[in-house]
């Protein structure tokens, strides 16, 4: 990818202070974009983006972020709806109501609410890209994570519907489905697991990859997903919309 291909493009990455979001912020910045990173937690001091504190778990939080972004840069050309998290593990029939609501709020409705504020500007300008960061859990639910998987599956469907609505106005909408890519929080847990079992983190990850039947035999990295996100947001992907793109090392055994 040409490093200057996104020069001048205004990009907002939610959940952009760490993990996959941080990697996407850095990759967009390296491509010449003007990047805003929205998150609840402070980013690293060297993050090449304007940090905007935001909580997207509520409608008011999404509205506040949209207003702050508009005040800062006037509008967004590329929106990466990456904010999301899974609630505590629980079986489907025993999961509390508020847990279902929390997963839907953060993994589906946060994107819906923010899109509602920022995508109309793209439609008015006749161009723009929305990248929804979903998960392979939407097709391959893991035990005790039914509400997270259901929310991400709903995000996939919403993404396809939105693409059909805004496509005639020059706006593209795509879904990225990461697989086994440990987040900072997961890595901390993995280190504790490895230490308790007397194995290295690399050995533990190989074991987890084997359990998940990852053909590549290892977890992915945030940078693996970031490369796909930035490509899909670029002009090179100008004929791609309304589709899902897995970055999972081959975990899902279907075509």
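Rule-based calculations on the coordinates, nothing more; no lab input. Being a predicted model, the structure only gives us computed values, none of them experimental. Using ideal geometry, Cβ is built from the backbone for each residue, glycine included, and neighbour counts are taken over all protein chains shown.
Any chance you could run the full-extension gain for residue 183 through residue 125? It's 0.36 nm times the residue separation minus the Cα-Cα distance, nm to one decimal.
Roughly 17.3 nm would be gained on extension.
Taking the mean number of other Cβ atoms within 10 Å as a proxy for protection, how do you rank 226-236, 116-126 from highest to lowest?
226-236, 116-126
Using a 10 Å cut-off on Cβ atoms, rank the peptides 180-191, 135-146 from the highest mean neighbour count down.
Working: 180-191: 14.7, 135-146: 18.7.
My ranking of the peptides, most packed first, is 135-146, 180-191.
Work out, step by step, the length gained on full extension between residue 58 and residue 164: first 0.36 nm times the residue separation, then minus their alpha carbon distance; give nm to one decimal.
Roughly 35.6 nm would be gained on extension.
For the chain, what's the relative contact order in percent, using C-alpha pairs closer than 8 Å and at least 6 residues apart?
19
Hey, what did the range 102-184 get for relative contact order, percent, Cα under 8 Å, at least 6 apart?
Relative contact order of the range 102-184: 38 percent.
Based solely on its DSSP helices, what 222 nm [θ] is calculated for the chain when runs of n ≥ 4 H residues each add -39,500 (n - 2.57) and the sum is averaged over all residues, nearest 500 deg cm²/dmol?
Values: 8 runs with 109 residues, N = 255.
Counting only the DSSP helices, I get -13500 deg cm²/dmol.
At a Förster radius of 22 Å, what calculated FRET efficiency corresponds to the Cβ-Cβ distance of residue 88 and residue 40, to the nearest 0.05?
Numbers: r = 18 Å, r/R0 = 0.82.
According to the calculation, E is roughly 0.75.
Could you sort the peptides 151-161, 84-94 by per-residue average Cβ neighbour count (10 Å cutoff), highest mean leading?
The packing order, highest mean first, is 151-161, 84-94.
How far apart, in nm, are two points set 7 Å out from the Cα along the Cα-to-Cβ line at residue 72 and at residue 196?
Roughly 3.8 nm, to one decimal.
Taking neighbour counts of Cβ atoms within 10 Å as a proxy for exposure, in what order, fewest first, do 100, 239 appear?
239, 100
Indicate the gyration tensor shape class of the chain (rounded, prolate or oblate), computed on the Cα atoms with a ≥ b ≥ c the square roots of the eigenvalues: a/c under 1.5 is rounded; otherwise a/b larger than b/c is prolate and the rest oblate.
Here the chain falls in the prolate category.
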